[in-house]
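Report on the structure given below.
The values are calculated or read from the model by the stated rules, or taken from the named source; none is laboratory data. Small disclaimer: the values here were computed from a predicted structure and weren't measured. We place every Cβ from the backbone using ideal geometry, glycine too, and count neighbours over all the protein chains shown. Note: areas computed on protein heavy atoms with side chains; ligands, DNA, RNA excluded. Shrake-Rupley method; radii C 1.70, N 1.55, O 1.52, S 1.80 Å.
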Amino acid sequence: MRLLDSARIGLAAVVPDSLRHPIDHLRPGKIMPSGIPRKTLAVSIALSAALVTSSPAHAAINYSPPPKLPTLSASTLTQRYDLNRAAMAKAADEAQFGGDPALANSLRNLAIPSRDFLSFDPSGNGRGIEVVGDLVHAKRIAVVVPGAGNTLSNFDGVKGTGVGAEALYDQAQKLGAHGSLAVIGWLGYDAPSMDSIHVTTLGHAAAGAKALKAFLSQIKAVNNAPVSLLCHSYGSVVCGQAAPHVKVTDIAVFGSPGMGVGSVSDLDTSAQVWAGRSANDGIADVPHVQVDLLGVSVGFGDDPVDPAFGARLFNAGTGGHSDYLRTGNTALYNLALIALGRDSQVGPPQSGS
C-alpha cells in the first residue's frame with residue numbers, strides 16, 4: 001500500500017463526507033488539499049504510518065556484549081576493523097542459535113575479510129558503520145545516511161546502507177576518483193520502522209543527529225578531509241537536525257519527506273544544500289506540513305525540492321524511492337559528483353520534472 005493511499009484511508013475515518021472529494025483527489029506534490037485542516041492532515045500522516053506494512057520483528061536473541069573498541073584514530077583503524085569483524089561473526093552464530101537464520105546469513109556477509117566496520121551493535125534492529133575505500137588517505141569523505149526501515153538484516157538489501165555506499169564508491173571511481181574518495185555507510189542510529197508512528201516525528205531524527213555529530217567529530221582524528229552528507233528519505237530529517245551542529249561542505253537530500261525546517265536558511269549551516277527527487281518516487285505524495293499534535297511535532301515541514309526552499313536542485317532521474325543509489329541511476333551519478341566536490345558538473349533537473 002502506498003503512503004498516499006493509506007493517508008486517504010486515515011483521512012476518510014476522521015473527516016466528514018463534504019471533504020471526501022479533496023481527499024480522493026490528492027496528487028503527488030500537492031502540499032495542502034483545500035478545505036482540510038492542517039491538524040486533520042497531520043492525523044492522517046500518523047495513521048498512514050501505522051498502516052504501512054513491514055517485515056516481522058526479529059526474534060529475541062541473546063547477544064554477547066560488544067567488544068571494547070580503542071579510541072578512533074588512524075593507528076587504531078585496523079584493530080577496530082578486526083574486533084568488529086570478529087564480533088559480527090560471533091553475532092551471526094548467536095542469531096542462528098536464536099532462531100533467525102536470515103539475520104545470521106546477513107551478519108556473516110558483513111563479517112567477510114574484505115569489509116571494514118568502524119562500529120557494530122547487533123541489539124534491536126542493529127547498527128553498523130562501514131567504510132568503503134581508504135579512510136586514512138582519502139581527499140574527501142562521503143557519509144551516506146539511510147532512512148526508515150534500515151536494519152542490519154537489510155544492510156546489503158536493495159535499499160540497504162552497504163549496497164548504497166559501495167555503489168557510490170564504484171561510481172566515483174568511474175568518474176576518475178582514483179581512490180581519493182572514502183564512503184561511509186552510516187547506520188549509526190535507530191532508524192524508525194516503516195510501520196511505526198515514529199516515522200512521522202522528529203524523535204529518532206534528533207537522536208540520530210546527536211549520534212551523527214559525535215561520529216563526525218571522531219572521524220577528524222583519522223582524517224580531516226572535507227565531508228559530504230548524502231541523506232536518503234528519513235535520513236534527510238536526521239541531516240536536517242544535525243546541520244547546525246556539524247561542519248560539512250555539502251548536504252544532499254534525496255527522496256526527502258522534509259528536513260524539519262521551512263527553508264535552507266533555517267538549517268543554519270554553511271554547507272551547500274542539495275535536493276533531488278526522482279520522477280517515480282511516491283514520497284512526493286506525502287503532504288509537506290509540520291504541525292503540533294498533542295504536544296508532538298508531526299511532519300517535516302516544507303518540501304526540499306520546492307525552489308522556494310532554497311536548495312540547489314539536481315537531476316535524480318526517473319526511478320522509485322529506493323533507486324537513488326542503484327548502479328546506473330542518474331541520481332547516483334550526480335551524488336557521486338557532489339561527493340567529489342565537482343559541483344559544476346552536477347546535472348540540474350530536467351525541464352518539467
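Find all pairs meeting these conditions: Cβ atoms under 7 angstrom apart; at least six residues apart or on different chains; first residue within the stretch 168-186 and without any contact (Cβ under 8 Å) to a residue 60 or more places away in the chain and under 14 Å from HIS137 (Cβ atoms); second residue among the hydrophobic types (A, V, I, L, M, F, W, C) and in a helix (DSSP H, G or I). Close Cβ pairs satisfying both conditions: none exist.
Taken over the stretch 252-277, the residue count meeting the criterion of being assigned to a strand (DSSP E or B) and either within 12 Å of the chain's Cα centre (by Cα) or within 17 Å of THR201 (Cα to Cα) (or both) is 4. Scanning the stretch 67-86 for residues that are crowded, with 18+ Cβ neighbours inside 10 Å and either in contact with a Ser or Thr (Cβ under 8 Å, 6 or more places away or on another chain) or at pLDDT below 95 (or both) yields ARG80, ASN84.
Pairing each residue of the stretch 61-77 that is under 22 Å from ALA221 (Cα atoms) with any residue that is of a type in the set (D, E, K, R) and not in a helix (DSSP H, G or I), provided the two are 6+ apart or on different chains, yields C-beta distances under 8 Å for LEU77/ASP116. Looking only at the stretch 228-281, residues that are charged (D, E, K, R), free of Cβ contacts under 8 Å to residues at least 40 places away in the same chain and more than 23 Å from ARG140 (Cβ to Cβ) come to 3 in all. Comparison of ASP156, ASP134 shows that the only residue that is within 20 Å of TYR324 (Cβ to Cβ), among the charged types (D, E, K, R) and without any contact (Cβ under 8 Å) to a residue 60 or more places away in the chain is ASP156.
Scanning the stretch 154-183 for residues that are open to solvent by less than 30 Å² (accessible area, probe 1.4 Å), outside any loop (DSSP other than H, G, I, E, B) and in contact with an Asp or Glu (Cβ under 9 Å, 6 or more places away or on another chain) gives THR161, GLY162, ALA165, ALA182, VAL183.
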